[in-house]
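The values are calculated or read from the model by the stated rules, or taken from the named source; none is laboratory data. The structure displayed is predicted, hence computed values, not measured ones. So basically every Cβ, Gly included, is an ideal-geometry build from the backbone, and we count neighbours across all protein chains shown. Side chains included, ligands, DNA and RNA excluded: accessible areas come from the protein's heavy atoms. Shrake-Rupley method; radii C 1.70, N 1.55, O 1.52, S 1.80 Å.
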Amino acid sequence: MKQVLIVLVEDKPGVLNRIANLFRRRNFNIESIVAGHSEVPGTTRLTIVTDEEERLRRNIIRQDLLKLINVIEVVDVTEQPCIIREYALIKIKSDGATRGEVGALVDMYRGRIVDVGTRSLVIEVTGEPSKLDSIIDVLSTYGIIEIMRAGKVAITRGAENPADNGGLHLWKNSRGKAVTANAHKEGKVS
Amino acid sequence: MNKSERILTGAELLWECLIQEGVEVVFGYPGGANLPIYDTLTAYRDRVRHVLVRHEQGAAHMADGYARVSGKVGVAMATSGPGATNLVTGIATAMMDSSPMVCITGQVAATALGGDAFQETDITGATLPLTKHSYLVMNVEELAETFREAFYIARTGRPGPVLIDIPKDVQNARTAFNYSAEPINLPGYHPPEKASDEAVTTALDMINNAEQPVILAGHGILMSHAMEDVVELMEQASVPATPTLLGLGTIPASHPLNLGMMGMHGTACANHAIQEADLLIACGMRFDDRVTGKLATYSPHSKKIHIDIDASELNKNVRVDLAINADLATVLRQINPGIRKRKREAWVTKIAEWQKDASQRDILQMDSPVLMGGQVIRTIWEGTPEDAVIVSDVGQHQMLTAQYYAHEHPHTFITSGGLGTMGFSLPAAIGASFHVKDKEIWVIVGDGGFQMNVQELGPAVQEGANINIAIINNGYLGMVRQWQQLFYEARYTETPISSPDYVKLAEAYGLPGYRVERREDIPSAMDSARSHQGPALIDFVVEKHDMVFPMVPAGASLHEMIRRPHPKHATIEVGK
Ligand SMILES: Cc1ncc(C[n+]2csc(CCOP(=O)(O)OP(=O)(O)O)c2C)c(N)n1
C-alpha cells in the first residue's frame, strides 16, 4: 500500500523546495505531491504519496518532514479511512466518426468532454486513481495523444481535522499573539 | 512609532541584533556583497570583536569550535558567491555534529537576484540539506525577527547551523529597530521536553530487570547538560557506560564504570560489552555506522532504549524497543528516582576481565625506541591539567587522541566526528580560544590535516590565540595509509605526503616552533610551547607506519576487531 501523508506548512518561500530536497536527500521516493491553500490563511496543505511500505521508515519520513521548521503538522492517513481523488485531462485521437461513442464512454465514468477538435478530444475526469487508470485503458484504443494527471489529494472522513491535535492547534492559538515559549512543549513525546 | 525605536540601516541593525543575542565575537571575511556590514562594524567595535580569517572555511570552523566549548551560538560571516561557498564545508561539519551556529552571508541586491549577477550564488539553495534552517531576507523589516528566530533555532532542540543570506540593498535599506522580547512564534517548531509516564514506567522496567545493561553515552549528554544524571544512573544501578567519539568527556574517563570509547577504534572492552549486553540505553547518540559495525549482528541479544531529542533519529539505523523523543536530562530526572539499586557483580566482573586484557594489548608499548603518535599524545595527557581543551583533527592521531588522552571533563574534547573534516582543528581551536581563557588548549593534528587550513596561523598570531599545536608528523595521510596496508595490499597510492619545515613556517608566521624526535624531549618542548603567550607549534616527527588498534573493519561485526598483535609475537612491521 502506498503511504499517504497530509502535510500542513507555512506559506513561506522555498517550502516545497525544502520538502522535495528532503525526499531526495533521504532517498525516499515521492510518487505524487499536490499543494494548495488550506482553510487557514497563511498555510498550504499538501498531499504527498510515497512508495514506502515499511512502517518504521514511514514514521521516519513523517518525523523528517516535521523537522523542517516551516512544516506545522504531518498526518499519516495511510491506515485511516479517507477519500483519495485524482484529476486527469486526457487528449485522444478522435474525429466525427468516433465522437459519439467516446461521449457515451466518458459519461459512464462521469467525465466530461471539455474540448473538441477536428481530430482530437480533451476529456476531463475525476475519481479514485483506479477509476482513472480504467478510463485511460479504455480510451487508449482510440489513441492517446497526451495525459495530464494532477496527483492524488486526500482528506479524512469524519468531523475532525486530524491536524487539530498537534501543530494546527498551536498555529491557531498563536495567530495574532505569540504562544509562550513553553506552552507547546508538552505533548509530542515518545 | 515607539520612542525607543531608532531608524537604522540593515547593516547596523545586524550588529544590534548580534549584540542583543550576546554575541562577543564574529569570525568573518569581507567582500563586495557585505561591504555595508563591514562599513558599519566600526561603530560597534567596542561591543563585538571581529576576527579576520584567511579563508572562509576557517571562519565556519572557528564559529563551530567557539560554540562547542561555550555552548553558545558561534557566528561566521562571508560575502556572496565564493565567500559563501567557502563556508559550506564548515556548515556541513556543524550540521553533522549538531553544533549551534549562525552564518551570515552577503548577497547581490534583491533586485538583481536570479540574474547571475557578479558573485551571485544561490547559497540558501546550496546549503538547504546542510543547515537546520536558512533564510533569504528580502525585506529589511524582517531582518530583526529573522535574527531572533535564527539564534533560537540554532541553539534549541537538536542544535545546528542556520544561514541568513542578506542582499546588499537590504543591508542599505532603513527601518526602525525593535528587538522584540516576545516569545518566538514558530508554529512548526516545538522541541520536545519530557517523556510520557508510560515511557518512564517501561524504561524503568527494562532497566531494573536487565542483567547486563550498557549505557551508550552520546554528544546529546553535553547538549542537554545531562552529565550528572547519566553518572547517577550508572552508579545507582551499576550500569557501565561507553561514550561515542563526541561523547568523550561526558563521563569522566577515570570512572570505574566507564568502558572507554565504543566503535571502530573503540576499546575491545566496550565493544564486547555492547555485543553481550541484554539492554542498551542509548543516550543522545545516533547509531552511526562507525559505532555499530554491521547492523545485522549489532548487539544481537539486547533490548534497546533510545532517548533522543530528534525524533527522526529514532529507529533510523537500529530498531529499538523503546523510543523516547524528549530532552535527555529531563527524561533521566524522570527515570532516576525509580531506579532499583543493584550491584550486578557478575556483569561488572566480566567487564573487568575484558578491561584488563585491553590495557595489556591495545595500549601502545610505551618503551618503544621510536617516537610513536600514541606516546606523544599520552605524554601530552600526562603533562597537561585535566581541564585542558584538546582539539583534534581527523585521522589516526584523532583516534589515538580518543584512546590515549583520558578526558575527564565535558567540553574538553573537540573534534569533527560526523563529517570527519580534515583541517578542522586549527581554526576550531582558535575559535575555542575566544571562550576558553584560563585553560590550556592543545591542537592535535596530522601533517595532512594541518596543511589543509594552515593559513589560519595568520589570525592565530594576529589575535594572539593562546593555543599549542602538536603536529603528529608521520609523512603520510596515515589513516588512509592504514586502510591501504590492511585492505589494499599495502599499495600506498598518494598517501605519502611531504611537509614544509614547520619550524621555519612557524617562524615565518611569527610564532615559536619546535621539533621533537625523541621521547625524552617531549616534556621540555611542551613547556616551551605553553610558556609562550599566544600560539606555539611543535612538530613531532613520529613513526611512519604506525597503526590504530583495535579496529573493526568497515562492515564487520563489532566484536570482530583487529587487535594489536601481542607484543611477544608482533607481526605488524614497525620502523620500516
Ligand atoms: C577534507 C578531507 N579530505 C579527505 C579526508 C579523508 N581522510 C581521512 S583521514 C585522512 C588522512 C589524514 O592524514 P593526516 O592529517 O596526516 O593524519 P594521520 O591520519 O596521519 O594522523 C584522510 C585523507 C577527510 N577526512 N577529510
Over chain B, what relative contact order in percent results from Cα pairs under 8 Å that are six or more residues apart? 14
Add -39500 (n - 2.57) for each DSSP H run of 4 or more in chain B, then divide by its residues: what number comes out at 222 nm, to the nearest 500 deg cm²/dmol? -10000 deg cm²/dmol
Measuring from centroid to centroid over Cα atoms, what is the spacing of the range B:456-519 and the range B:385-449 in Å? 15
Could you sort the peptides B:237-248, B:338-349, B:280-291 by per-residue average Cβ neighbour count (10 Å cutoff), highest mean leading? B:237-248, B:280-291, B:338-349
Taking the Cα-to-Cβ direction at residue B:5 and at residue B:296 and moving 7 Å from each Cα, how far apart do the two end points lie in nm? 6.5
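Provide the net charge surrounding residue B:82, with neighbours chosen by a C-beta distance below 12 Å and charges set as Lys +1, Arg +1, Asp -1, Glu -1.
-2
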Assuming R0 = 25 Å, what is the FRET efficiency of residue B:122 and residue B:180, from their Cβ-Cβ distance, to the nearest 0.05? 0.25
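Within a 10 angstrom radius of each residue's Cβ in A:8-14, how many Cβ atoms of other chains show up on average? Whole number is fine. The partial results should precede the final answer.
Details: counts 2, 2, 3, 0, 2, 4, 6.
Other-chain Cβ atoms within 10 Å of each residue's Cβ, averaged: 3.
Would you mind checking A:67/B:303; A:12/A:152; B:72/B:437; A:91/A:131; A:67/B:72; A:131/A:152 for any pair whose Cα atoms are more than 20 angstrom apart?
Working: A:67/B:303 27 Å; A:12/A:152 23 Å; B:72/B:437 15 Å; A:91/A:131 17 Å; A:67/B:72 22 Å; A:131/A:152 13 Å.
Check vs 20 Å cut-off fails for A:67/B:303; A:12/A:152; A:67/B:72.
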The range B:317-323 - phi-based ³J(HN,Hα) in whole Hz, Karplus 6.51/-1.76/1.60, Gly and Pro as x: 9, 10, 6, 10, 8, 9, 9
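Roll a 1.4 Å probe over the protein chains and send me the accessible area per residue for the range B:197-357 in Å².
Numbers: 5780 Å² over 161 residues.
With all protein chains present, the range B:197-357 gives 36 Å² per residue.
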First compute the accessible area of the range B:363-548 with a 1.4 Å probe, then give the percent of it belonging to carbon and sulfur atoms. 52
Taking both sides together, what accessible area is buried at the A/B interface, probe 1.4 Å, expressed in Å² and rounded to the nearest 100? 2900
Using the basic label-point model (7 angstrom from Cα toward the beta carbon), what is the residue A:99 to residue B:196 distance in nanometres? 6.2
Taking H as built 1.01 Å from N, whose amide H comes closer than 5 Å to the amide H of residue B:49, not counting residues under 5 places away? B:25, B:26
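Hey, any idea what % of the range B:6-177's accessible area is carbon plus sulfur with a 1.4 Å probe?
Numbers: 2800 of 5440 Å².
Reported share for carbon and sulfur atoms: 51 percent.
Add +1 for every Lys or Arg and -1 for every Asp or Glu among the other residues with Cβ under 14 Å from the Cβ of residue A:121, and state the total.
Values: positive: A:91, A:93, A:99, A:112, A:119; negative: A:95, A:101, A:107, A:115, A:124, A:146.
Taking every other residue near residue A:121 into account, the sum is -1.
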Using a Förster distance of 22 Å, how high is the FRET efficiency between residue B:42 and residue B:19, based on the Cβ-Cβ distance and rounded to 0.05? 0.90
Summarise the partner chain shielding of B:306-316 as one whole number: the mean count of Cβ atoms from other chains within 10 Å of each residue's Cβ. 4
Which GluC sites (Glu not before Pro) from the range A:51-104 combine a DSSP loop assignment with at most 16 other Cβ atoms within 10 Å? A:53, A:54, A:79
Within-12-Å neighbourhood charge of residue B:122 [Cβ basis; K, R +1; D, E -1]: -3
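If you take each beta carbon of peptide B:177-187 and count the beta carbons of other chains within 10 angstrom, what is the mean?
Going residue by residue through B:177-187 and averaging, the value is 5.
Using per-residue counts of other Cβ atoms within 10 Å, averaged over each peptide, order B:557-564, B:420-427, B:147-154 from highest down. Before the final figure, lay out each step's value.
Working: B:557-564: 17.9, B:420-427: 28.0, B:147-154: 23.4.
Per-residue Cβ counts within 10 Å, averaged per peptide and sorted highest first, yield B:420-427, B:147-154, B:557-564.
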Taking the Cα-to-Cβ direction at residue A:53 and at residue B:228 and moving 7 Å from each Cα, how far apart do the two end points lie in nm? 5.2
For the range B:35-123, whose charge dipole is built from +1 on Lys and Arg Cβ atoms and -1 on Asp and Glu Cβ atoms, the candidate among B:63, B:91, B:112 with its Cα farthest towards the positive end is B:63
